[in-house]
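In what follows, a structure is listed as structure tokens, so that the remarks can point back to it.
The values are calculated or read from the model by the stated rules, or taken from the named source; none is laboratory data. From a predicted model like this one, the values you see are computed outputs, not experimental measurements. A quick note on method: Cβ atoms are made from the backbone with ideal geometry, for glycine too, and the neighbour counts reach across all protein chains shown.
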Amino acid sequence: MGESDGHEGRPLVGDVIAGKYRIENVAGEGGMGIVYEAEHVILRQRVAVKVLLPGSMPSSEAESRFSLEAAAIARIACEHVVRVMDAGSLPNGYPYLVMEYLDGYDLNEVLERKGTLPPSEAVDFALQALEALAHAHAAHVVHRDLKPANLFLARLPGGREIIKLVDFGISTSFDRSSDDDRILGSPAYMAPEQLRNGPVDSRTDLWALGIVLYELMAGTPPFEGTFSELVGSILGRDPIPLAEKKPGVPVGLSTVVSRCLKRAPDERWSSPAELAHALAPYGSGAWAGAVERIERALSLVAPIQSPRRFESLENALDELESQAFTTFDGGPLPAPEEDGPMTLPRPRVATAETFGATIPVPPSEAHVIVISPASQKLPSFLPLHSPMMSSLPPPQNALRILLIDDSELTLQMHADVLASAGFDVRATTDVSEFDSLLENWEPHLVLMDVMMPGITGDALCRRVKDRYRATVPVVLLSDLPREQLRGRAEVGAADAFFRKTADLGSLVDFVRNICALTYSPEDLPGL
């Protein structure tokens, strides 16, 4: 069926977008467009497709806001942030985003059902939100519109429920001043600096989370009224302490929330990690591990340890498999123990420095070329990092990484993060270009999507193995469930697999691991 035959050109149920996503239902409509429940026609995977419709706001502003959301989410990889998987434009020019489909309800609905939450449950939700904010802030993104409606309690396969932060449509960067002189956000949750249209940073989001915490436990936000009344209250008076508004809330927890709501940003908690440390004693214990993960997300430098040596890649991967770490591929976390906090084993990727010390990390001028068919260029509305067509030669010691994926958004994200880590990267959406690069460029490592149009990833994997007599490692990338992905890797004789849901920093660590385990320093160019 066509993609724009419906009312005002909007997709209809049964239409297929980009040849991949079949519209199943209308999930909802909002200020910027319409959200559909859809299914990937090959992977049989449920997704949410958000389409910007005309008339939602002035065209240039709408496209800017819409593309900002795509770019913001694309920079963040965290299980508590809704994941964007693809982006493009319909034949009629309407831009769309493809995101993971969330099954559940937002915290507004939770409040409507329960009225108020026990302090431990509210704190558990806040710790998860802080984990999302830590990853966002580490990517220099301020959400600016944190509220119960944008915190989604998502039900995962197996019944586990987690908080997902959604709707980055008005987010901004720490290092970018907004040229919009209007007030954007939801007034009841806005920090004083937002109401004054001043500079915002991570503490702006922590104010909003304090409002959310207050509302979850008290049943109403601390500031209410008309817009002018809200502005006057937020700028001019302190809220009633939470412990007074809701007897039974621990005084210590009330004090933590009150510090979130200091009008001067310098008087608030300084970071998600500091706030998480203060909140954790009041939670159920199930999310105590979030504090460590938040600190890790905000940490910029990992310790370097001495490299380890193995006789072969097979032996090294066997050793990695035997270590008592969580999987590097973003598999499900263990369920919390009934009688205590969740105990999270140390992630395997956290040991990347053990192997990564073997790899020379050249300056950040790494050469990036993203090759794609002319018919599949990135949509003009999407302000992702442009490919670097530098006249500088690639770093002499850079390892060559070849990527292929039919999602240009995913491809651009992976190419950018690997190039910034010092690798020489070539990336393409086209199989014929891939074959040419494979033959003439001689990569050290190949990363490929499991399902390309017209050919499977395992078939492409066998092509690489045949060309290089199994000396070049191949990693399969996919959103498939872990066991399915493991099976596809075994069929194609891939050396490893990695889920696209994993943190982008983990991808860099994992690539360094594989290369360090495969190549000795004397095998690397220029050494």
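Condition check ((1) within 23 Å of A18 (Cβ to Cβ); (2) of a type outside the set (S, T, Y)) across all residues:
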site: V417; (1), (2): no, yes
site: S420; (1), (2): no, no
site: T429; (1), (2): yes, no
site: L437; (1), (2): no, yes
site: T456; (1), (2): yes, no
site: R463; (1), (2): no, yes
site: L480; (1), (2): yes, yes
site: V491; (1), (2): no, yes
site: D495; (1), (2): no, yes
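With (1) more than 26 Å from R83 (Cβ to Cβ); (2) under 27 Å from the mean Cα position of the chain (by Cα) as the list, and L447 as the residue in question, which single condition is left unmet?
So L447 meets the others, but not (1).
Quick check: anything in segment 131-144 farther than 16 Å from G283 by Cα, of a type in the set (K, R), part of a helix (DSSP H, G or I) and not assigned by the TED database to the domain that holds G505?
Checked against the condition, which is being farther than 16 Å from G283 by Cα, of a type in the set (K, R), part of a helix (DSSP H, G or I) and not assigned by the TED database to the domain that holds G505, segment 131-144 yields no hits at all.
Check every one of the helices (runs of 4 or more DSSP H) wholly within segment 254-328 and list those with 1 or more residues that are over 17 Å from L206 (Cβ atoms) and either modelled with pLDDT under 95 or in contact with a Leu (Cβ under 7 Å, 6 or more places away or on another chain) (or both).
Details: elements: 272-279, 290-298, 313-322.
Counting at least 1 such residues, we get 290-298, 313-322.
Which residues, counting only those in segment 217-227, are at pLDDT 90 or above and not in a loop (DSSP other than H, G, I, E, B)?
Matches in segment 217-227: M217, A218.
If R155 meets every condition in (1) at pLDDT 95 or above; (2) of a type in the set (D, E, K, R); (3) in contact with an Asp or Glu (Cβ under 7 Å, 6 or more places away or on another chain) apart from one, which number is that one?
Exception for R155: condition (1).
Looking at R469, is it basic (K, R), in contact (Cβ under 8 Å) with a residue 12 or more places away in the chain and out of contact with any helix residue (DSSP H, G or I) (no Cβ under 6 Å at 6 or more places or on another chain)?
Values: basic (K, R): yes; in contact (Cβ under 8 Å) with a residue 12 or more places away in the chain: no; out of contact with any helix residue (DSSP H, G or I) (no Cβ under 6 Å at 6 or more places or on another chain): yes.
No; evaluated as a whole, the condition is false for this residue.
Exactly one condition in (1) among the charged types (D, E, K, R); (2) at pLDDT 90 or above; (3) in contact with a helix residue (DSSP H, G or I) (Cβ under 9 Å, 6 or more places away or on another chain) is not met by R75; state its number.
Condition (2) is where R75 drops out.
Only one of these conditions is not met by V231: (1) of a type in the set (A, V, I, L, M); (2) surrounded by 12 or more Cβ atoms within 10 Å (Cβ to Cβ); (3) within 27 Å of I163 (Cβ to Cβ). Which number is it?
(3)
Condition test on L230, is it part of a helix (DSSP H, G or I), under 35 Å from the mean Cα position of the chain (by Cα) and more than 15 Å from L111 (Cβ to Cβ)?
Values: part of a helix (DSSP H, G or I): yes; under 35 Å from the mean Cα position of the chain (by Cα): yes; more than 15 Å from L111 (Cβ to Cβ): yes.
It is true that L230 is part of a helix (DSSP H, G or I), under 35 Å from the mean Cα position of the chain (by Cα) and more than 15 Å from L111 (Cβ to Cβ).
Being assigned by the TED database to the domain that holds K114, free of Cβ contacts under 8 Å to residues at least 40 places away in the same chain and farther than 23 Å from L151 by Cα narrows it down to one of E224, E274, E267, so name that one. Give the derivation first.
On the way: E224 fails: farther than 23 Å from L151 by Cα; E274 fails: farther than 23 Å from L151 by Cα.
Answer to the selection: E267.
Quick check on segment 86-105: of everything there that is closer than 22 Å to H140 by Cα and crowded, with 23+ Cβ neighbours inside 10 Å, which residue is modelled with the highest pLDDT? Reasoning before the result, please.
So in segment 86-105, the residues closer than 22 Å to H140 by Cα come out as 86-87, 97, 99.
After this cut, where a residue has to be crowded, with 23+ Cβ neighbours inside 10 Å as well, the list is 87, 97.
Values: A87: 80, L97: 84.
The qualifying residue modelled with the highest pLDDT is L97.
Could you list, in sequence order, the residues of segment 137-159 that are over 13 Å from V200 (Cα atoms) and acidic (D, E)?
Listed by number, the list is empty, since nothing qualifies.
Which residues, counting only those in segment 107-118, are in contact with a Lys or Arg (Cβ under 9 Å, 6 or more places away or on another chain) and either buried (at least 16 other Cβ atoms within 10 Å of the Cβ) or at positive phi (or both)?
L107, T116
Taking segment 453-463 as the region of interest, how many residues are modelled with pLDDT of 80 or more and either surrounded by fewer than 21 Cβ atoms within 10 Å (Cβ to Cβ) or touching a Pro at 6+ places or on another chain (Cβ under 9 Å) (or both)?
4
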